[in-house]
Amino acid sequence: MRLSKSVKAIVRLIPIILFSLFISSCSSEKLVTDSRIAMGTLVVVSLEQSDEAEMEGIFSLVYEIDNAISRYNPSSWISRINEMAGKERVAVPEDIFNLIKTSISMAYRTDGVFNPAVGPLSGLWGIGTEEARVPEKEEIENILPLLDYTLIEIDDEARTVYLPVAGMALDLGGVGKGYAADLIHDYLVQRGVERALVNLGGNVLAFGSKSGKEKWKIGIRNPEKSASSFFATVEVSDETVITSGGYQRYIDQDGVRYHHILDSRTGYPAVTDILSATVINPSGTLGDMLSTTLFALGSEKAMELAEELGVEVILYLSDGSVLSTYSSDS
């Protein structure tokens with residue numbers, strides 16, 4: 001059977017994700033594990049003494065989130081907003097509206113380093129899809145005005161979102177998996193589940209404790225070595241561990257590697273001295289936005305922002321050194 005490039009990319013993630021789950025759950029009581037492709041990646045769910053309804057409920061929730069916010073799904077709320085750019089306002093459900101507002105707030109907080117209006121740029125590069133390519137300089141310059149997040153109009157009372165310029169497009173790829181982790185956390189609480197490990201393509205939700213008071217142990221991949229090589233291990237309970245790095249998705253052309261974390265200020269992949277940025281935080285939504293943002297900021301500004309927000313981070317730098325605010329006692 002011949003696999004498409006996108007499916008091949010997901011298949012390459014499988015050993016990474018499964019090994020991460022293995023080191024986290026070894027010596028724990030038996031976990032029931034299932035894995036499926038969703039949100040453009042491999043989602044692995046491990047539950048203790050799971051019944052089928054709980055497992056199906058988690059995956060149904062993931063599919064529901066993907067169908068609601070994926071810009072690649074023509075019937076999603078994000079696609080509807082993008083389709084109506086320059087035409088009319090779109091009323092959306094409260095949860096989607098709040099997620100968009102949160103994303104816009106982070107854009108203002110980071111001066112556009114995190115940018116939910118990056119859709120035209122990510123679509124132009126297409127990294128992670130079969131259409132991936134290095135655009136011409138003129139193409140990039142032409143779409144930069146469409147990336148202006150300050151133009152996005154939101155109406156709290158009517159719960160509408162409006163992109164006033166035709167061609168503008170939202171892309172919540174930098175927050176979607178973290179948001180999904182938060183909703184899964186709430187679902188597990190409602191179901192009375194005591195412990196679970198959920199890996200959404202490297203975005204890990206460690207729910208409860210591994211056994212008794214023992215925390216989950218999550219390995220962080222060394223971005224310069226094989227998928228099974230880890231440079232750090234964190235111990236967490238009821239937190240998410242989310243990593244962003246240029247090694248995750250990229251294209252090579254003429255001896256140059258172009259990674260998928262794009263800087264909407266320049267139109268090109270972010271230039272940074274960070275190879276991977278990991279955020280440990282109870283909120284997956286915040287962690288997902290920050291991991292991408294910190295990577296793009298570079299180590300000095302990334303550490304300043306992490307300390308200002310009071311979040312735990314581990315940064316692996318291009319010179320092989322590590323900067324961290326993480327404490328195993330926290």
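Every listed requirement among (1) closer than 17 Å to PRO282 by Cα; (2) surrounded by fewer than 18 Cβ atoms within 10 Å (Cβ to Cβ) is met by VAL236 save one, (2).
Every residue, every condition in (1) out of contact with any helix residue (DSSP H, G or I) (no Cβ under 7 Å at 6 or more places or on another chain); (2) at pLDDT below 95; (3) assigned to a strand (DSSP E or B); (4) open to solvent by 50 Å² or more (accessible area, probe 1.4 Å), yes or no:
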{"residue": "ASP288", "(1), (2), (3), (4)": "no, no, no, no"}
{"residue": "SER291", "(1), (2), (3), (4)": "yes, no, no, no"}
{"residue": "PHE295", "(1), (2), (3), (4)": "yes, no, no, no"}
{"residue": "GLU300", "(1), (2), (3), (4)": "yes, no, no, yes"}
{"residue": "MET303", "(1), (2), (3), (4)": "yes, no, no, no"}
{"residue": "LEU315", "(1), (2), (3), (4)": "no, no, yes, no"}
{"residue": "LEU323", "(1), (2), (3), (4)": "no, no, yes, yes"}
{"residue": "SER330", "(1), (2), (3), (4)": "yes, yes, no, yes"}
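Taking the conditions (1) in contact (Cβ under 8 Å) with a residue 40 or more places away in the chain; (2) aliphatic (A, V, I, L, M); (3) more than 30 Å from GLN49 (Cβ to Cβ) in turn, LEU183 satisfies each one other than (3). Name the single residue, out of those in segment 40-79 being open to solvent by 40 Å² or more (accessible area, probe 1.4 Å) and assigned to a loop (DSSP other than H, G, I, E, B), that is nearest to ASN203 (Cα to Cα). Here the residue is GLY40.
I need the full set of residues from segment 249-268 which are buried (at least 16 other Cβ atoms within 10 Å of the Cβ) and not in a loop (DSSP other than H, G, I, E, B), in order please. Hits for segment 249-268 are TYR250, ILE251, TYR258, HIS259, LEU262, ASP263, TYR268. Scanning for something within 18 Å of the chain's Cα centre (by Cα) and within 21 Å of LEU305 (Cβ to Cβ), does segment 117-128 turn up at least one residue? Scanning segment 117-128 turns up at least one residue that is within 18 Å of the chain's Cα centre (by Cα) and within 21 Å of LEU305 (Cβ to Cβ).
Listed by first and then second residue, the pairs with beta-carbon distance under 7 Å, at least 6 apart or on different chains, first residue in segment 312-327 and closer than 17 Å to LYS301 by Cβ, second open to solvent by 40 Å² or more (accessible area, probe 1.4 Å) and among the aliphatic types (A, V, I, L, M), are ILE314/VAL322; LEU315/VAL322; LEU315/LEU323; TYR316/LEU275; TYR316/VAL322; LEU317/LEU275; LEU317/LEU323; SER318/LEU275. Only one of the numbered conditions (1) assigned to a helix (DSSP H, G or I); (2) touching a strand residue (DSSP E or B) at 6+ places or on another chain (Cβ under 9 Å); (3) over 18 Å from PRO164 (Cα atoms) is not met by MET106, and that is (2). The one condition from (1) under 24 Å from GLY119 (Cβ atoms); (2) within 18 Å of the chain's Cα centre (by Cα) that ILE314 does not meet is (1). Taking the condition touching a residue at least 60 places away in the same chain (Cβ under 8 Å) and either of a type outside the set (A, V, I, L, M, F, W, C) or more than 20 Å from ASP263 (Cβ to Cβ) (or both), does GLY174 pass? Yes.
Residues in segment 231-248 that are outside any strand (DSSP E or B), over 15 Å from the mean Cα position of the chain (by Cα) and either closer than 18 Å to SER291 by Cβ or not hydroxyl-bearing (Ser, Thr, Tyr) (or both): ASP238 alone.
The values are calculated or read from the model by the stated rules, or taken from the named source; none is laboratory data. None of the values given here were measured: they were computed from a predicted structure. When we count neighbours, we look across all protein chains shown, and the Cβ atoms used for this are built from the backbone with ideal geometry, even at glycine. Please note that ligands, DNA and RNA were not included when accessible areas were found on the heavy atoms of the full protein model with its side chains. Shrake-Rupley method; radii C 1.70, N 1.55, O 1.52, S 1.80 Å.
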